[in-house]
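The values are calculated or read from the model by the stated rules, or taken from the named source; none is laboratory data. Since this is a predicted model, take the numbers as computed values, not measurements. Reconstructed Cβ throughout: ideal geometry from the backbone, glycine too, with neighbour counts over all protein chains shown.
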Amino acid sequence: MSIFSIYAERRALVAAQLGKEGLALIPTAPERPRNRDSDFLYRHDSYFYYLTGFREPNACLVITADGGSTLFCAPKDSEREIWDGFRLGPDAAPAELGVQAAHSSAELDARLPKLLENREVVWYPFAIHEGLEARVGGWLNQVRARVRYGALCPREQRDLCVVLDEMRLIKDGHEQDTMRRAAQISARGHVRAMKLAARMLREGKDVREYHLDAELMHEFRLGGSQSPAYNSIVAAGSNACVLHYRSDAAPVRDGDLVLIDAGCELDSYASDITRTFPANGRFSGPQRALYELVLASQEAAVAATRAGARFTDPHDATVKVLAQGMLDVGLLDKNRVGGAQDVIDNRSYMQFYMHRTGHWLGMDVHDCGSYVERAQASEVTERKDPLSGEVIKNRPSRILRPGMVLTIEPGIYVRPAEGVPEQFHHIGIRIEDDAIVTESGCELISRGVPVKPDEIEALMRS
């Protein structure tokens with residue numbers, strides 16, 4: 001199947017779900033100024049790209065229930081193209097992208113009211129594009145002004161994300177192949193960073209977090225990635241206990257653990273890998289004890305990730321291992337918190353593990369898609385959270401199906417506190433891999449970087 005036909009098939013699937021006389025609008029993302037005379041690196045809207053494969057700004061796609069597709073895009077402009085680069089233009093867009101018609105984006109406001117006439121429903125992504133709701137309202141008002149001439153105005157507005165999220169949740173073969181390549185590039189970046197840390201420390205050099213970040217970026221671009229999928233986390237020592245650590249200038253010291261959470265974006269698809277390793281290439285006793293516990297919990301989560309399981313099953317498997325392990329190593333005092341099931345029921349483990357074990361992965365690093373099984377959304381139970389006292393409504397978790405892609409990322413983060421053994425203070429560990437759900441289990445596509453402690457130490461000695 002060609003790339004051209006993939007986007008056409010997706011548009012046809014959307015059209016089939018719009019209902020009689022439905023129309024869908026999907027804008028791309030705007031350019032964002034970084035400072036007075038420079039923009040941030042442009043990144044298109046994921047929904048828009050999913051249906052077009054078009055990466056230019058200032059564009060909007062219209063799909064109608066009969067399968068028609070119209071692209072509004074920036075017109076050709078020889079002078080601006082000297083400064084800003086090539087534009088496809090409306091004349092070339094139908095043949096290049098497979099849409100039925102194309103017009104200049106400058107004509108959008110003039111043409112949309114006419115396209116909306118005599119439609120019953122207008123679909124667009126809710127709460128994503130600033131000002132879009134008001135713009136749609138303005139177009140509808142122009143249609144209403146023509147009702148005396150027999151025009152009918154759409155009576156309903158619906159969220160197009162409901163349709164697109166379900167489509168994007170299952171990755172086709174092309175998407176899976178792209179994500180495998182992205183994970184391979186990212187894994188090579190992690191390997192480079194691990195090796196550099198050990199080598200620079202052996203040579204007596206000053207090592208900073210940004211040195212390791214530079215290795216990641218070098219490998220990402222060398223492998224053909226367009227950009228990081230998100231802001232890389234390179235956290236040495238106690239910084240690893242900050243889940244979304246942002247700074248990158250701290251020293252990497254002999255004896256530190258380093259947590260790197262980083263992944264590239266390749267052809268609009270994200271990877272997301274976390275590894276934790278000893279900066280000098282050798283785990284200390286306490287570091288290894290906690291690392292092996294996190295790894296065991298990840299192995300339990302991987303075993304629970306398969307078609308037919310629930311999205312929450314890997315998390316439950318992780319928590320079960322971590323709860324018992326925290327008691328075994330002395331992070332939690334069984335005389336105070338009870339046994340492993342008490343730790344789970346009372347959520348005592350959240351002192352050291354406070355996030356979920358995974359999320360959807362795809363065009364966005366935290367990809368779209370409901371975590372609730374849609375057919376069971378009305379099956380609601382309530383529970384009282386033992387920590388906050390809040391009443392939480394539970395609905396049946398999503399059933400995993402082949403082609404879904406998710407991360408598996410348990411961790412332990414130990415901040416100094418009363419009763420916490422000092423040898424574990426300031427240790428932060430997370431291990432994260434990307435998994436494609438299969439009929440028989442899951443395929444870990446990010447294991448190009450080692451995960452077992454002995455293998456990490458061997459790599460860093462090389």
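Brief remarks on what is shown
- Screening the candidates Ser370, Ser397 for the property of being at pLDDT 95 or above, in contact with an Asp or Glu (Cβ under 9 Å, 6 or more places away or on another chain), of a type in the set (Ser, Thr, Tyr) and more than 30 Å from Arg43 (Cβ to Cβ) yields one hit, Ser397.
- Scan of region 219-257 for residues that are closer than 15 Å to Glu209 by Cβ, at pLDDT 95 or above, of a type in the set (Gly, Ala, Ser) and assigned to a loop (DSSP other than H, G, I, E, B), ordered by number: Ser232, Ala250
- Taking first residues from region 100-115 that are closer than 12 Å to Arg135 by Cα and in contact (Cβ under 8 Å) with a residue 40 or more places away in the chain and partners that are surrounded by 14 or more Cβ atoms within 10 Å (Cβ to Cβ) and not hydroxyl-bearing (Ser, Thr, Tyr), the Cβ contacts under 7 Å between residues at least 6 apart in sequence or on separate chains come to Leu108/Cys60; Leu108/Phe72; Leu112/Trp139.
- Test: residue in region 100-120 that is of a type in the set (Lys, Arg), more than 30 Å from Thr274 (Cβ to Cβ), crowded, with 17+ Cβ neighbours inside 10 Å and under 26 Å from the mean Cα position of the chain (by Cα): no
- Any hit, region 165-173, residues being exposed (fewer than 15 other Cβ atoms within 10 Å of the Cβ), touching a helix residue (DSSP H, G or I) at 6+ places or on another chain (Cβ under 8 Å) and modelled with pLDDT of 95 or more: yes
- Here Arg199, Arg192 are screened, and the one residue that is basic (Lys, Arg), over 29 Å from Ser46 (Cα atoms) and free of Cβ contacts under 8 Å to residues at least 24 places away in the same chain is Arg199.
- Test: residue in region 4-16 that is in contact with a Cys (Cβ under 6 Å, 6 or more places away or on another chain) and either in contact (Cβ under 8 Å) with a residue 60 or more places away in the chain or surrounded by fewer than 16 Cβ atoms within 10 Å (Cβ to Cβ) (or both): no
- Residue within region 142-149 that is within 30 Å of Leu406 (Cβ to Cβ) and β-branched (Val, Ile, Thr) present: no
- Those residues of region 206-218 which are among the charged types (D, E, K, R) and either buried (at least 22 other Cβ atoms within 10 Å of the Cβ) or in a helix (DSSP H, G or I) (or both), in sequence order: Glu209, Asp213, Glu215
- Any hit, region 426-436, residues being of a type outside the set (A, V, I, L, M, F, W, C) and surrounded by fewer than 21 Cβ atoms within 10 Å (Cβ to Cβ): yes
- Filtering region 379-417 to residues that are among the hydroxyl-bearing types (Ser, Thr, Tyr) and out of contact with any Ser or Thr (no Cβ under 6 Å at 6 or more places or on another chain) leaves Thr381, Ser388, Thr407, Tyr413.
- For region 19-42, the tally of residues that are touching a strand residue (DSSP E or B) at 6+ places or on another chain (Cβ under 8 Å) and either more than 25 Å from Arg111 (Cβ to Cβ) or free of Cβ contacts under 8 Å to residues at least 40 places away in the same chain (or both) stands at 7.
- Residue within region 88-99 that is in contact with a helix residue (DSSP H, G or I) (Cβ under 7 Å, 6 or more places away or on another chain) and among the small types (Gly, Ala, Ser) present: yes
- Of all the residues in region 235-285, those that are under 15 Å from Tyr413 (Cα atoms) and hydrophobic (A, V, I, L, M, F, W, C) number 11.
- Region 387-400: number of residues that are in a loop (DSSP other than H, G, I, E, B) and surrounded by fewer than 13 Cβ atoms within 10 Å (Cβ to Cβ): 4
- Ala29 being surrounded by 17 or more Cβ atoms within 10 Å (Cβ to Cβ) and either in contact with an Asp or Glu (Cβ under 9 Å, 6 or more places away or on another chain) or within 19 Å of Cys161 (Cα to Cα) (or both): yes
- Applying the condition of being in contact (Cβ under 8 Å) with a residue 40 or more places away in the chain and of a type outside the set (Gly, Ala, Ser) to region 234-252 and asking which residue is nearest to Phe283 (Cα to Cα) yields Val252.
- All of Ile392, Ile436 fail the test of being of a type outside the set (Asp, Glu) and modelled with pLDDT of 95 or more, apart from Ile436.
- Matching entry among Ala340, Ala289, Ala323, Ala304 (being assigned by TED's automatic domain parsing to the domain that holds Tyr230, at pLDDT 95 or above and in contact with an Asp or Glu (Cβ under 7 Å, 6 or more places away or on another chain)): Ala304
- Leu216 in contact (Cβ under 8 Å) with a residue 24 or more places away in the chain and more than 24 Å from Glu432 (Cα to Cα): no
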